[in-house]
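The values are calculated or read from the model by the stated rules, or taken from the named source; none is laboratory data. What you are looking at is a predicted structure, and each value in this text was computed from that prediction instead of being measured. Every residue, glycine as well, gets a Cβ built from its backbone with ideal geometry; the counts of neighbours run over all protein chains shown.
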């Protein structure tokens, strides 16, 4: 069982260890349970995905079926840290990726580098923010 095994790693190390996990599966044909909130890691490492919400299995399918654009809920919530602010453009680090977001929410002037931010992307591509 692997419980968030790659969560505290930089992206280069994460990719290297993902490759090692894939090789181990190929060599040993072992069944492994991976628990993770990292969608890209789950997509890359899994043959089958169980989506659990409130302690109950909501979906159980192949990664491409769970994570394609028509299967994910229309609202996506991401948590990141502000890496840069220029005018009304935030550069946010989210799951070892960088997102640049044009934003016009109340309190934008109070945001600072390294602030934690919740990004809500809706089906209509609007972006709302909450910060702490």
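Here is how the numbers come out for the structure above:
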| read-out | value |
| --- | --- |
| Residue selected from segment 17-40 under the condition touching a strand residue (DSSP E or B) at 6+ places or on another chain (Cβ under 9 Å) and within 15 Å of residue 1 (Cα to Cα), by the criterion surrounded by the fewest Cβ atoms within 10 Å (Cβ to Cβ) | 33 |
| Any hit, segment 27-35, residues being outside any loop (DSSP other than H, G, I, E, B) and closer than 17 Å to residue 95 by Cβ | yes |
| Hits in segment 59-84 (condition: modelled with pLDDT of 75 or more and assigned to a strand (DSSP E or B)) | 59, 60, 61, 79, 80, 81, 82, 83, 84 |
| Filtered residues of segment 99-113 (kept if part of a loop (DSSP other than H, G, I, E, B) and at pLDDT below 80) | 103, 104, 105, 106, 107 |
